[in-house]
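Here is the structure we will look at, set down as structure tokens.
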Amino acid sequence: MKKTDYQLIIVGGGPAGLTAGMYASRGRLDTVLIEKGATGGQVLLTDWVDNYPGFYDGITGFELMDKMTAHVDRFGLEKKFANVTAMDLQGEQKKILLESGEELTTQTVIISTGAKPSKLGIPGEEELLGKGVSYCATCDGPFYRDQEIAVVGGGNTAIQEALHLTKFAAKVTVIHRRDALRATAILQEKAFAEEKIEFIWDAQVSEIVGDEASVTALNIQHNDGATSTLPVTGIFVLIGVVPNNEMLPLDQLEIDEGGFVVTDQEMCTKLPGVYAAGDIRSKKFLQIINAAGEGATAELSAEHYLSNLAG
């Protein structure tokens, strides 16, 4: 086999990538983790993590990722901050192309590129982005002190972020397309008990209205055919995620209908030596804890593959 730059390249530095990197560096594999921004991924934008084992009082998303990064640094993981633009994952020598034009070769790859917030795709959303349209309550919540705002969604993220927004806003209206939330029972209990939170059920936002300065209202389409307008100065869209797969060779991998990478339970893709972990992986539940576990599993699978190569 031709000499490669690395034994393992990890693409993406969220919980899955960092955990894989910790296992790899601790196992003394020649590894680099490539991340286009700061390590931590979407968790950096999470206000509060209350269900990660060991942190019984809870911890901010930023603090948790800071600790994970410090953990991998203790084992000397090489990190490269760059944008991956393309990959060739076929054959024994995999190639990773960076935006700078640099090409890296490796024997194994762990794809942990994560996912990004889904958009509504309605009039006014793009035009008013940053002027009242947001996908991150932790980032932008403080800008809406004593204002009336809306949250679109009914899952854990939407309800947790709605609760966070009550620290700042005068009123938070949760708009959900169904007649019941999908969030966990404990989050629902907290939301229903919060006086600042109101709900609009069986409805969807059809248009975001505003002027040059900011959002002013939402036009709402109710499932029974009625329409209404809700005056707000901000809208937080928290309706799920789409995969960060733009740099992946989708023709080489097995991809589900949503664009996520299909693996077996050991995180192996259909390509030998290629693994996927975290939110980029096709699965039902997106949690920090299972992303971390998948990162560990992917690295152990890569180690097993490399040991077989070595004979």
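The values are calculated or read from the model by the stated rules, or taken from the named source; none is laboratory data. Here the structure is a predicted model, which is why all the values come from computation and not from measurement. Reconstructed Cβ throughout: ideal geometry from the backbone, glycine too, with neighbour counts over all protein chains shown. For the accessible areas, the whole protein counts, side chains as well, though only heavy atoms, and no ligand, DNA or RNA atoms are used. Shrake-Rupley method; radii C 1.70, N 1.55, O 1.52, S 1.80 Å.
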Exercise for review: Give, rounded to the nearest 20 debye, the magnitude of the charge dipole that the chain has about its Cα centre when Lys and Arg contribute +1 at Cβ and Asp and Glu contribute -1 at Cβ.
Suggested key: 680
**Study point:** Calculated from backbone phi, Karplus (6.51, -1.76, 1.60) coupling profile of segment 123-128 in Hz, x at Gly/Pro
**Key:** x, x, 5, 6, 5, 10
Check your understanding: Taking a spot 7 Å from the Cα of D211 along the direction of its beta carbon, which residues of segment 219-239 have an amide N less than 19 Å from it?
Key -> 219, 230-235
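Please calculate how many Å² of accessible area segment 6-84 carries per residue, with a 1.4 Å probe and no DNA, RNA or ligand atoms counted.
Each residue of segment 6-84 exposes 47 Å² on average to a 1.4 Å probe.
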Exercise for review: Summarise the accessible area of segment 132-179 (1.4 Å probe, protein heavy atoms) by the percent that is carbon and sulfur.
Suggested key: 45
Exercise for review: If a cysteine in the chain has no other Cys Cβ under 4.7 Å from its own Cβ, put it on the list, ordered by number.
Suggested key: C268
Review point. Of the heavy-atom accessible surface of segment 257-310 (probe 1.4 angstrom), what whole percent is carbon and sulfur?
Key: 54
Check your understanding: Using 0.36 nm per residue, how much length does the chain from N83 to D224 gain when fully extended, once their Cα-Cα distance is taken away?
Key -> 46.2 nm
Point to revise | Beta bridges by DSSP in the chain, antiparallel share as percent, to the nearest 5 | key: 45
Review point. So which chymotrypsin sites (Phe, Trp or Tyr not before Pro) in segment 211-276 are both in a DSSP loop and have at most 16 other Cβ atoms within 10 Å of their Cβ?
Key: none
Practice item. Just report the Cα centroid separation between segment 264-291 and segment 120-177, whole Å. Key: 30
Practice item. Mind listing the long-range amide H neighbours of E207? Cut-off is under 5 Å, sequence gap 5 or more, other chains count too, H placed in the peptide plane at 1.01 Å from N. Key: N219
Practice item. Please work out the Kirkwood hydrodynamic radius for the chain, using every pair of different C-alpha atoms, and report it in angstroms with one decimal place. Key: 20.8
Exercise for review: Rank I186, I10, F168 by how far each Cα sits towards the positive end of the charge dipole of the chain (+1 on Lys, Arg Cβ; -1 on Asp, Glu Cβ) and give me just the farthest.
Suggested key: I10
Exercise for review: Taking only the C-alpha atoms, wrap a convex hull around segment 92-228 and report its volume per residue in Å³ as a whole number.
Suggested key: 177
Exercise for review: For segment 58-102, give the percent of accessible area contributed by carbon and sulfur heavy atoms, probe 1.4 Å, rounded to a whole number.
Suggested key: 47
Point to revise | 3J(HN,Hα) from dihedral phi, segment 97-108, Karplus parametrisation 6.51/-1.76/1.60, rounded to Hz, x for glycine, proline | key: 9, 9, 4, 6, x, 5, 10, 10, 10, 7, 7, 9
Check your understanding: Lys/Arg Cβ at +1, Asp/Glu Cβ at -1, dipole of segment 38-84 taken about the Cα centre: which of V84, T46, T60 is farthest positive-ward?
Key -> V84
Revision key, fill the gap. The chain: relative contact order from alpha carbon pairs under 8 Å, six or more residues apart, as a whole percent, is 21
Review point. Can you run phi through the Karplus equation (6.51, -1.76, 1.60; θ = phi - 60°) for segment 254-267 and list ³J(HN,Hα) in whole Hz, with x for Gly and Pro?
Key: 8, 10, 7, 5, x, x, 8, 7, 8, 9, 8, 6, 9, 6
Point to revise | Distance-filtered residues of segment 16-41 - backbone nitrogen under 20 Å, label point 7 angstrom along D66 Cα→Cβ | key: 16, 18-19, 37-41
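Going down the list K3/K95; K36/K116; K131/K196; K3/K94, which pairs span over 18 Å between their C-alpha atoms?
Flagged as over cut-off: K131/K196.
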Review point. Sequence-distant or interchain residues sharing an amide H contact under 5 Å with V151, placed H: which?
Key: T173, V174, I175, F236
Review point. GNM on the chain, C-alpha springs below 10 Å: top fluctuator among A298, A20, A115?
Key: A115
Exercise for review: Evaluate the distance, in nm, between pseudo-label points positioned 7 Å from the Cα of S118 and of L97 along their respective Cα→Cβ axes.
Suggested key: 3.1
Check your understanding: What residues qualify as long-range amide H neighbours of T60, i.e. H under 5 Å apart, gap of 5 or more or another chain, H built at 1.01 Å from N?
Key -> V49
Revision key, fill the gap. Per residue, accessible area of segment 144-272 with a 1.4 Å probe, heavy atoms of protein chains only, in Å², comes to 50
Practice item. In whole angstrom, note down how far apart the Cα centers of segment 221-242 and segment 30-69 are. Key: 30
